[in-house]
Structures are given as C-alpha cells and as structure tokens.
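Quick notes on the structure that follows.
The values are calculated or read from the model by the stated rules, or taken from the named source; none is laboratory data. Please read all numbers here as calculations on a predicted model, not as lab measurements. Cβ placement follows ideal geometry from the backbone for every residue including glycine, while neighbour counts extend to all protein chains displayed. Each accessible area value is taken on the protein alone, full model and side chains, heavy atoms only, with ligands, DNA and RNA left out. Shrake-Rupley method; radii C 1.70, N 1.55, O 1.52, S 1.80 Å.
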Amino acid sequence: MKEQESSDQAKALLKKYQEGKCTPEEEQQVLHWFYAQDQPEEEQLKEYQTGLASRINTKLEEQLFSESTPTVRRLTWFRSKWMVAAMLVAVSGCSLWMYNRFSSPDQKPLELAAEVPSQDQTFHNDILPGGHYAKIITPKGEEKQLADPFVQRLEQSSDQQGKNFLVDVPKAGSYMIILEDGTKVWLNASTKLSYPTHFEPNQRQVALTGEAYFEVAKDANRPFRINANGTTIEVLGTTFNVNAYHDEVSTSLVEGSVKVRKEGNQIIIKPGQQATTSLTNDIKVTATDLTKNTAWQRDEFYFDGNNFKDISLQIARWYDVEFENMETIGANSTYKGSISRNSRLSEVLQILALATGRKFDIIGRKVIIQ
C-alpha cells in the first residue's frame, strides 16, 4: 500500500513538472532523481512511459539545452538521463526509493578521495578518486550539501535582493550548476563561485576563484561578467574555461568571443586562443591547446608538455594529497600523456613512474617521491 502511494506521488510530481507547475523544491527533487537513475531494460518500457519521456525531454531541451555546445559527450549523457527518467516510473520500487532518498532532511557527507588498502605492495595505501560534491552557502549564512547538478530557481524577494550565494567545491570535488539564466558552469576542485540571488536587468555578474568551464546563455541585453582575482571576463554568450587558482588568470576560448580586462588594459580573443593576466596587469594572448585546458571537465588528466609541478598540483587537488621531495625532479622536465580522473591514485603514479624514472609511494595522504 505504501509503495502504491509513493508511486502515485511520483507520477503526480512528474506530471506537475511536465506542466511547469513545480515549486523550486519539487523541481530540485525531480532533478536529483533523474540524475541518479540507471537506464532500464528496453522490455520494461511501455508506450505511455515512452511518450511521457519524450515530452519531458522536449521540455528540458527548451529550458536548458537550447544552445549548441562542443561538449557533446557529457551533455548527451546528461540529456539521456532525462529521457529515461520518466520511463522508470513503472519500475518496481523506484518511486518509493525516490521519496525515501530525497525527502529526508539529513544527508550523509560524501567521503571524497577516501583512503583504502593498497592492492599493490609498492604503496603503503591507496586513495580513491574525487567525486561530485559541493556545498552552498545562502545569503543568510546557511550551509547545505548539494547533489550534482544543481539548478538555481528562486522567487525574487526583498530580503535577498543584492545578496549572494556561494558554491564551495573542496579538494577532490567537482560540480555542475545551472544558473537562473540557463548558464551552465562546471566547477573544478578547490573552486568557489559567488553569484547573486537574481541577476540584474542590465547585467549578469559572478565571482570565481579556482577553475570553471562556462557555457553562457546568450542574452544580448545582459552581458555576463566574471570577476576572477582582479581580472574581468565579459561575454554575451559563449563557451570558455577560466583558470584562476593563483594571481595569474588564464581564459581559454572554445567558441564565440570573450573580452578580457585587467586594470586599464583589455583585449578580445578568438576561439583557440588563451588570454593570461598577471600582477603586472599585462594581458598575454597565445594559441592554446583546448583539449588540454578543458580535460578536467571531461574527467581526464591530460599532460602535454606540463612540467612536473603543474602535474603534481592537478593530482594534489583531485586526490587531496601533498607531494614530498618535489625538488628531486627537475623543474624543466616535461611529460606527455593522459589518464582518467576516475583512476585510483596508485594508477596515476604508476604512469608517472614510467615517465620520470622515479619511484612513488603513498603514505596516508602524502605522496613520497623516492
């Protein structure tokens, strides 16, 4: 009886979403559920569920995916989750799971980059890869854990006007957020994104520290501005990556055009170019390898001429570790290759051992260069 009630509630919620009548909380619940589902067997699908899935997918395309994107692999997968989600209404136990999973106010913190026993005697222990995780801090100072992705939908209210949300992604985390204008932002580990409760009528402005990949929704009347360590990146609607972990800020353009400003200097870059600003306020424009600069967004480490310091920083952020004896590897040595960020740390270090001719060990959360 309880399962039937939950199933009826789930169907009603999906119908409400299809008609655009969900509250922000209900919409978030549907998003969470859809994102978590696995694709069912084809024989489980019936004509009603298939039709409903198609209608919901059409609605999603209109709301979130009307802009073209070069990130075909990730977004195609994301859309497919929506397409199969409605079909799962009829799958036994699914609706009950949905309400049990997301109706509880308490959430267990996700353990990122967990320490585990080593499967190889070369290492004292091993570390699992990071995962999708962030917390959001509201204008009132409240904190809560978020599932990936998060879609910002808020009613305008006077007490929130002019105040900001802060999305905080820790080491070993990554995260996707869709802002209220439809702009999609992927956040790398050790990254913070601050954005207003509502964008102003004449501009959209956010602040970034860390690294993020943006697909900005087009709006000719409201430029989108990113403030990153004293550098301002301004667009109307385009796709690009911003690396702002340090004083130096690098903007790599995938498509469209971007204006980069620092103090009194400004420049417009084209696809395939990178603009780099530094403490001197100069803006340096170079041709760039977009495959390399956006690899993290595809869940890859991609080393193409990186020196070991750059490589170790990427690994340290994703596995929440520290490297020791860095000075034993020459600063001018460069390495090429790629590996999935879903790998265990030991697998990454084994590849680096082949490239550097050095041995590595993992002791707790330290990587020892031998």
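Inspect all residues belonging to the range 227-241 and state whether any of them is of a type in the set (Asp, Glu) and more than 20 Å from Ile268 (Cβ to Cβ).
No.
If you take the residues in the range 143-166 that are open to solvent by 80 Å² or more (accessible area, probe 1.4 Å) and within 22 Å of the chain's Cα centre (by Cα), which one is modelled with the lowest pLDDT?
So the residue we want is Lys144.
Do the conditions hold for Thr286, that is, is it in a helix (DSSP H, G or I) and free of Cβ contacts under 8 Å to residues at least 24 places away in the same chain?
no
I'd like the full set of residues that are in a loop (DSSP other than H, G, I, E, B) and touching a residue at least 24 places away in the same chain (Cβ under 8 Å), limited to the range 239-255.
Tyr245, Asp247, Glu248
Anything in the range 177-220 that is of a type in the set (A, V, I, L, M, F, W, C), open to solvent by 10 Å² or more (accessible area, probe 1.4 Å) and not in a loop (DSSP other than H, G, I, E, B)? List them, or say none.
Correct list: Ala207 only.
Tell me which residues, restricted to the range 221-249, are within 18 Å of the chain's Cα centre (by Cα) and open to solvent by 10 Å² or more (accessible area, probe 1.4 Å).
Within the range 221-249, Asn243, Tyr245 meet the criteria.
If you scan the range 262-271, which residues turn out to be over 20 Å from Lys218 (Cα atoms) and either free of Cβ contacts under 8 Å to residues at least 24 places away in the same chain or surrounded by fewer than 18 Cβ atoms within 10 Å (Cβ to Cβ) (or both)?
Within the range 262-271, Glu263, Gly264, Asn265, Gln266, Ile267 meet the criteria.
Working only within the range 304-328, note down all residues that are open to solvent by 20 Å² or more (accessible area, probe 1.4 Å), under 23 Å from the mean Cα position of the chain (by Cα) and modelled with pLDDT under 95.
Passing the criteria: Asp304, Asp310, Leu313, Gln314.
Quick one: Ala275 ticks every box in (1) assigned to a strand (DSSP E or B); (2) exposed (fewer than 14 other Cβ atoms within 10 Å of the Cβ) except a single one, so which number is it?
Checking Ala275 against (1) assigned to a strand (DSSP E or B); (2) exposed (fewer than 14 other Cβ atoms within 10 Å of the Cβ), the one that fails is (2).
Output yes when any residue across the range 326-336 is more than 30 Å from Glu255 (Cα to Cα) and without any contact (Cβ under 8 Å) to a residue 12 or more places away in the chain, and no when none is.
yes
Okay, residues lined up against (1) modelled with pLDDT under 95; (2) touching a helix residue (DSSP H, G or I) at 6+ places or on another chain (Cβ under 8 Å):
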{"residue": "Asn243", "(1), (2)": "no, yes"}
{"residue": "Lys262", "(1), (2)": "yes, no"}
{"residue": "Asn265", "(1), (2)": "yes, no"}
{"residue": "Thr277", "(1), (2)": "no, no"}
{"residue": "Asp282", "(1), (2)": "yes, no"}
{"residue": "Thr286", "(1), (2)": "no, no"}
{"residue": "Asn293", "(1), (2)": "yes, no"}
{"residue": "Gln297", "(1), (2)": "yes, yes"}
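Restricting to the range 291-303, name every residue that is free of Cβ contacts under 8 Å to residues at least 40 places away in the same chain and surrounded by 16 or more Cβ atoms within 10 Å (Cβ to Cβ).
Lys292, Tyr302, Phe303
State yes or no: is Asp361 modelled with pLDDT of 85 or more, outside any helix (DSSP H, G or I) and among the acidic types (Asp, Glu)?
Answer is yes for this residue.
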